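Q: Structure provided below as structure tokens; questions to follow.
Read-outs: derived from the displayed coordinates by stated rules, not from any lab. As the structure is a prediction and not an experimental result, all values here were calculated from the model. Cβ placement follows ideal geometry from the backbone for every residue including glycine, while neighbour counts extend to all protein chains displayed.
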Amino acid sequence: MIYFDNAATTKPKQTALSRAQIFLTERFFNPSAMYREGFAIQGEIKQARTALLAPICSTQEFEFIFTSCGTEADNQAIFSFAKRGNAVTTQGEHSAVYSTFQELKNRGVIEPRFAPLQKDGSVDVQKLLDMIDEKTSFVSVNHINNETGAINDINGIAAKVKKKNPRVIFHSDGVQAYGKIPFRLSKDIDLYSVSAHKIGGLKGVGGLIKRKGLVLPPYIIGGGQESGRRSGTENVFGIKQFEYAATEKFATIKEDWARLKELRSFLLAGLDKEIFAPISTENGSPYVTSVYAEGLRGEILLHTLSDKGIIVGTGSACSSNAKHRYSRVILACGYNEKQADGVLRISFCDETTRNDVEEGLEIINSCARELRERMK
Amino acid sequence: MKQVIIIRYAEIYLKGKNRGFFEQIFANNIEKSLRGIKHEMHRPSGRYIIDNFAEEDVDEIVSRLKKVFGLHTLSLAYETGTSLEDIFEAAKLVCEEEGTFKVESHRGDKRYPLTSVEISKKLGGMILSYNYKLKVDVHKPSFTVNVDIRENDKALVFGNYIEGANGMPVGTAGKALLMISGGIDSPVAGHMIAKRGMKIDCLHFHSYPYTNDQAKEKVVDLATTLSSYTCGTNLCTVSVTHIQEAIHEKCKPELMITLLRRFMFRIAERHALRIGAQCLVTGESLGQVASQTIEGMTSSNSVVEKLPVLRPLVGFDKNEIIDRAVKIGTYETSILPYEDCCTVFLPDFPAIRPKLDEILREESKLDVEGMIEQAFASLERIVIM
């Protein structure tokens, strides 16, 4: 099997799993417990916090709050800070942000504003800035688009946003960026969501990185864990495994980026040009590549490919409901429904090899040709 | 005093010499539906008693029994001694806190010293002096205390009657093959036929890779819900992808559905005969969609040679069908937005009144037998308990 759906989830890193194993078996204690064994676990979590923060920002200026996933981190950021006036985000957001904005609108809390996208899926910065006024309380812009891989220069955007309205809280969904793109958070970023399972960690672990000094109202209330900002007994095993997996990933982050960039160019060059047209551009994240095959249905191609051992993602679904059928993001990039119907997402991880891409290309091309013949 | 459940059956009463056959199947179905729950069942005359179950299982038992066809009503009762004091103790548990009531008594044991009327009078008096908030109303009481003196020196005391699913026990009327899609209608059609005593097997057509596994899983979920009424079912799935592709390639696009449906009916009949089913059941409702016109039905029926095709929903409006789907618990699953038959090949304007000679002309371009054989090669069987 060749796995090209790493934007959905990645295979957990084996060494990180074995290293963290001890927190399932011998060191299973509750980190909030008073005895020494429990207290020691608190130290372990603290260490994980630092290890997860250090590669992307100053541990003096930011802190790390563990959550159960990226979606929870996004929700906590939005529900805690988008409370008045209007809030601005982009049409390219993951549903964790997009639907939460819609929900706030339904509840009558804020007026949501969705900035349009450019053809590659990155936000049109000028139009985003035009939407910001003195009543804007919150802005959320994803770092890397999960469908097209387009990169938003969030440090630059945040600086411009703050210049226009310094009171805005700036959040970025970094789920597809953390541990992948070599990058550091600037002081203009207030909140940044991350997820473990996109970089060899486990499902069920995520985090919200927060600028120190910013008071974060709790979203989940209870026993006061995470300094009262996110109650619930910590997933110690998941957190430690995340720490180990991220440390491993960050160690080769630049090399991976450069190597995958080459692989991605190779992929784009190798796809049958009569069938596939690229959505992702060379400037985007090499981890995510979206293409479309007009006239073919992405999901059908996905099924035929999975029968042949190639696992990919798609932007469309065999849904009888048009709302669920086309990717809202791809349509927002300016593609029509026919094009959006044929989207294929090929996403890499640090373990993807040139061999995988060569073999994958051959099968993807031949399956697409065959399917096109059958559906003519 | 112990809690028991009284079960009364429906139309089986009307049966004559073969009543025993119906009773036996009914009893088996009850046992099947209570599988996994500790209980005992007894069959005194004309009804069934469930006892020796754990108190915390009562709700689960009742909700399962309510789905057993052939069951007219059931009551949660207390079995106690026949002295008036014992009966009164049980009656207290049956009584509501306030409102109006009456006592209905029945003597199975005619040696009992009091007549039915006397039992009702005396017990009514005891209840009135026990709770001053209650009043007697023999015409329109808000609840009834029923007393049944039985021949084994036991009395049953119970409150209201809980309505069952009625109909005939599944398995008393043979076996049907339900053509199940992922939609709202077919599970309802299956439910209606099962209600009249037929065992139901299901057949589903998919077009993988044009449809996905979620769509198939949805059908498994629907069949599972249906099986709680039908004492289990067998679901078979067959791929019609190659048939759609061949029609798409060789025939007029507006006849896609008409031709495909003829294949489905052929496959269904052959499958039905193999598994011993005696009819085909579909969820068609006249005029609901382009293929469900009388011409469409004629075209499908003409390929079914030996079996009747039952369409229990033929005269139902969509709203009526939805109401039933909600009631039997399939609606929520049915409206999940997965395609059941791929729309890739669907024409913009399907033929509404297909003519048989034209259909036959188009069909002659296809290797019908070969394609049916290929379809059977893809058959998968899922047993749902």
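Q: Cα convex hull of segment A:60-198: mean projected area in nm², to one decimal? Could you put the intermediate results ahead of the total?
A: Values: hull surface 31.2 nm².
Result: a mean projected hull area of 7.8 nm².
Q: Let me ask something else. Relative contact order, percent, of chain B when contacts are C-alpha pairs under 8 Å separated by at least 6 residues? Can you show the working numbers first?
A: Numbers: 747 pairs, mean separation 65.5, N = 385.
Averaging sequence separation for qualifying contacts and normalising by length gives 17 percent for chain B.
Q: Averaged over its residues, how many other protein chain Cβ atoms are within 10 Å of peptide B:210-223's Cβ atoms?
A: Taking the mean over all residues of the peptide, I get 2.
Q: Still on this structure, I have one more. Which entries in B:LYS15/B:LYS199; B:LYS67/B:LYS306; A:LYS46/A:LYS212; A:LYS187/A:LYS261; A:LYS127/A:LYS210; A:LYS13/A:LYS240 show an alpha-carbon gap greater than 23 Å?
A: As for pairs spanning more than 23 Å Cα to Cα, those are B:LYS67/B:LYS306; A:LYS187/A:LYS261; A:LYS127/A:LYS210.
Q: Which of the residue pairs A:LYS203/A:LYS338; A:LYS254/A:LYS308; A:LYS249/A:LYS308; A:LYS119/A:LYS180 have a Cα-Cα distance greater than 25 Å in the structure shown?
A: A:LYS203/A:LYS338; A:LYS254/A:LYS308; A:LYS249/A:LYS308
Q: Note down the nm distance, to one decimal, between modelled labels 7 Å out along Cα→Cβ at B:GLU332 and at A:PHE266.
A: 5.0 nm
Q: Okay, next question. Counting partner chain Cβ atoms within 10 Å of every residue's Cβ in B:245-256, what's the average?
A: 1
Q: In whole percent, what relative contact order does segment A:1-154 give with Cα contacts below 8 Å and a gap of six or more residues? Walk me through the intermediate numbers first.
A: Values: 172 pairs, mean separation 26.4, N = 154.
Answer for segment A:1-154 is 17 percent.
Q: How would you rank A:104-117, B:260-273, B:37-50, highest first, on the average number of other Cβ atoms within 10 Å across their residues?
A: On the way: A:104-117: 16.5, B:260-273: 21.4, B:37-50: 13.9.
Ranking the peptides A:104-117, B:260-273, B:37-50 by packing returns B:260-273, A:104-117, B:37-50.
Q: Starting with the highest mean, order B:143-152, B:315-324 by the number of other Cβ atoms within 10 Å, averaged over the residues of each peptide.
A: Working: B:143-152: 18.8, B:315-324: 14.7.
Those peptides, ordered most packed to least, come out B:143-152, B:315-324.
Q: Report the Cα centroid-to-centroid distance between segment B:8-40 and segment B:140-212 in angstrom, as an integer.
A: Using only Cα atoms to place each centre, the spacing works out to 12 Å.
Q: Per residue of segment B:95-102, what does 6.51 cos²θ - 1.76 cosθ + 1.60 with θ = phi - 60° give for ³J(HN,Hα)? Whole Hz please, x for Gly and Pro, Karplus curve as stated.
A: 5, 7, 6, 8, x, 10, 8, 9
Q: Once the Cα atoms of helix A:354-375 and of chain A are each reduced to a long axis, what angle between those two axes, in degrees from 0 to 90 to the nearest 10, is obtained?
A: 50 degrees
Q: What number, in percent, do you get for the relative contact order of segment A:204-303 if the mean sequence gap of Cα pairs under 8 Å and at least 6 apart is divided by its residue count?
A: 15 percent
Q: Also: Please work out the C-alpha center-to-center distance from segment A:120-171 to segment A:49-83 and express it in whole Å.
A: 18 Å
Q: Between segment B:320-366 and segment B:267-301, what's the alpha-carbon centroid distance in Å?
A: The distance from the Cα centre of segment B:320-366 to that of segment B:267-301 comes to 11 Å.
Q: Let me ask another. Only helical DSSP H runs with n ≥ 4 go in: add -39500 (n - 2.57) per run for chain A, normalise by residue count and round the 222 nm mean residue ellipticity to 500 deg cm²/dmol.
A: -12000 deg cm²/dmol
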